[in-house]
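Encoded as structure tokens, the structure appears first; notes follow it.
The values are calculated or read from the model by the stated rules, or taken from the named source; none is laboratory data. No experiment lies behind these values; they were computed from the predicted model shown. Neighbour counts are summed over all protein chains in view; Cβ atoms, including those assigned to glycine, are modelled from backbone coordinates with ideal geometry. Protein only, heavy atoms only, side chains kept; ligands, DNA and RNA dropped before computing areas. Shrake-Rupley method; radii C 1.70, N 1.55, O 1.52, S 1.80 Å.
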Amino acid sequence: MHSLPSWYPALGPLALFGVGLVSKVGARLPVRFILGLARYAALGTLGLALASLVIVSARGPFATETLGQAGIGVALYLDRLSALMFCLVAFIGVIVVNYSRNYLDGDPGQSRFIRWLCLTLGAVLFIIIAGNLALFTLAWIATSLGLHRLLVFYPERPAAILAARKKFIASRLGELCLIGAAILLYQSFGSLDYGRLFAGAQAQAAAGTPVGPHGAALLIIVTGLLKSAQFPLHGWLIEVMETPTPVSALLHAGIINAGGFLVVRFAHLIMLSTPALDVLAVVAGWTALFGSVVMLTQTSIKVSLAYSTIAQMGFMMLECGLGVFSAAVLHILTHSLYKAHAFLSSGSVIDIARASWTPSPGGKPHPARLAIAIAAVLGTALAVGSLFGATPSAKPGVLALGAVLLLGVIHLVANGLDERPNSFVVIRTVGLAIVVAVIYFGMQYAAERYLIGVLPASPALQGPLELAIIVGIVASFAAVTVLQTLLPRNSDEPRWEALYMPISHGLYVNTLANRLVLRVWPTRARSS
């Protein structure tokens with residue numbers, strides 16, 4: 001690790017903070033002037049992020065001295081993980097700021113919106129480049145408060161107020177857990193500086209883990225689950241559609257990933273506690289399954305995207321629970337870019353759907369051919385994964401995640417098998433599955449190599465409980481694939497209609513949460 005001669009990475013978020021303060025103090029300044037400042041601040045931040053990525057990739061991690069005592073104060077820490085996330089959030093920030101210029105053009109609250117957008121972006125960036133858990137916690141709290149102001153941008157909308165209050169409750173619980181984890185870690189290591197924490201965690205991994213780090217790992221996991229809208233406290237995420245579209249893009253593509261970044265950032269500490277990892281895998285796996293199934297029943301484009309985010313966050317946290325942290329980082333990067341595009345282009349989805357054409361299979365669909373397709377895809381995952389070292393014993397988590405990903409091409413393979421008169425279609429679809437498998441396992445291998453030394457290596461199979469969890473994950477998503485095939489063809493049957501109603505309402509979990517929140521915290525909309 002080399003020293004950093006200046007604090008230049010902090011100039012980006014500080015510039016965004018400055019725009020927020022200027023828009024507050026200079027209330028009479030033209031909106032276009034404030035928008036221009038925000039745009040240049042976002043572009044400058046992206047430039048700093050790219051420079052940091054180049055420096056870190058070439059010379060290794062760097063850090064500043066802590067302005068404080070015992071790792072409590074202001075400090076920066078950038079390694080390959082934080083540099084990647086720095087670039088990601090800065091890039092999304094540029095897109096969201098530019099999109100907001102036209103989206104809210106003429107809105108009387110546009111200056112207020114830019115203010116809170118810049119303040120929230122700056123806080124998220126400080127989460128990423130913080131050099132100790134104290135600064136991380138302060139930035140974490142500031143992000144939640146800034147997001148709250150964006151969620152209630154239209155205070156006259158009761159639905160927006162309700163969603164913001166549910167998010168407020170989940171955030172405060174998460175912050176209490178994070179503060180509790182910081183206290184336990186300070187008692188165990190005598191510092192909150194990243195260097196001391198990571199070195200202490202690696203030393204305890206060989207010597208045995210005391211009670212304090214076990215409790216801290218569990219509290220960090222709970223904090224990450226609350227931030228990532230995991231079941232059953234996921235309902236607020238599907239009700240934030242009353243906010244402007246740029247907020248949805250920033251939330252689903254950036255802020256929601258903070259929970260995953262928290263877990264990945266402290267991966268060395270979390271790996272000390274196997275029970276905490278098991279809890280994370282079970283909760284996240286169920287959330288991924290739940291979100292995937294409910295998403296299939298939604299008719300609203302944005303609500304469907306929200307359930308997609310819940311499922312993706314569950315899947316990403318599941319990767320952490322299985323110890324495949326490099327896959328979680330890769331997931332954060334790809335999902336963020338996809339979801340930002342999906343929300344900012346959601347108004348064009350109808351036109352895209354109308355212009356789409358899906359050929360129907362020439363042969364009559366048959367359950368046996370679906371079973372053959374599933375077996376072929378899982379066999380492909382096993383064969384290709386083994387070429388990259390992802391065997392069932394060496395890297396079971398990587399193999400399981402690859403198998404779940406490849407289940408997404410089941411329908412193409414099954415349709416190819418249904419087109420029995422045309423062998424070319426069969427060869428093409430099976431070849432597609434092989435290409436997808438090579439791309440996934442290749443990218444996973446590259447991410448693992450790039451982040452070697454930064455994150456723990458993917459663990460080998462440790463026992464029957466982990467094996468049962470992995471088999472259950474793959475079997476559950478295979479069952480969802482079968483359900484996705486059978487449901488449209490049998491939607492008129494009474495049993496499917498009875499199943500459709502509770503699934504489309506998310507098993508009524510969010511309805512119960514709304515009743516509880518409204519009972520203890522009644523919603524009264526106010527004028528803007």
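The residue of the range 220-240 that is nearest to the chain's Cα centre (by Cα), among those that are open to solvent by 30 Å² or more (accessible area, probe 1.4 Å) and within 24 Å of residue 157 (Cβ to Cβ), is 233. Going through (1) surrounded by 21 or more Cβ atoms within 10 Å (Cβ to Cβ); (2) without any contact (Cβ under 8 Å) to a residue 12 or more places away in the chain one by one, residue 164 falls short only on (2). Here the helices (runs of 4 or more DSSP H) wholly within the range 215-283 that include at least 3 residues being touching a residue at least 60 places away in the same chain (Cβ under 8 Å) and under 22 Å from residue 459 (Cα atoms) are 258-265, 267-270. Selection of helices (runs of 4 or more DSSP H) fully inside the range 43-152 by the criterion of at least 2 residues being touching a residue at least 40 places away in the same chain (Cβ under 8 Å) and among the charged types (D, E, K, R) returns 80-103, 110-129.
Only residues that are in contact with a Ser or Thr (Cβ under 8 Å, 6 or more places away or on another chain), aliphatic (A, V, I, L, M) and open to solvent by 10 Å² or more (accessible area, probe 1.4 Å) were counted across the range 95-127, and they come to 1. Might you let me know whether the range 156-170 holds any residue that is of a type in the set (Gly, Ala, Ser), out of contact with any Asp or Glu (no Cβ under 6 Å at 6 or more places or on another chain) and assigned to a helix (DSSP H, G or I)? Yes, the range 156-170 contains at least one residue that is of a type in the set (Gly, Ala, Ser), out of contact with any Asp or Glu (no Cβ under 6 Å at 6 or more places or on another chain) and assigned to a helix (DSSP H, G or I). Exactly one residue out of 276, 284 is at pLDDT 90 or above and either surrounded by 24 or more Cβ atoms within 10 Å (Cβ to Cβ) or under 17 Å from residue 224 (Cα atoms) (or both), and it is 284.
Per the conditions (1) closer than 25 Å to residue 191 by Cα; (2) open to solvent by less than 20 Å² (accessible area, probe 1.4 Å); (3) at pLDDT 85 or above; (4) not aromatic (Phe, Trp, Tyr), the sole criterion not satisfied by residue 71 is (3).
For the range 241-249, the criterion of being modelled with pLDDT under 85, of a type in the set (Gly, Ala, Ser) and buried (at least 19 other Cβ atoms within 10 Å of the Cβ) is met by at least one residue.
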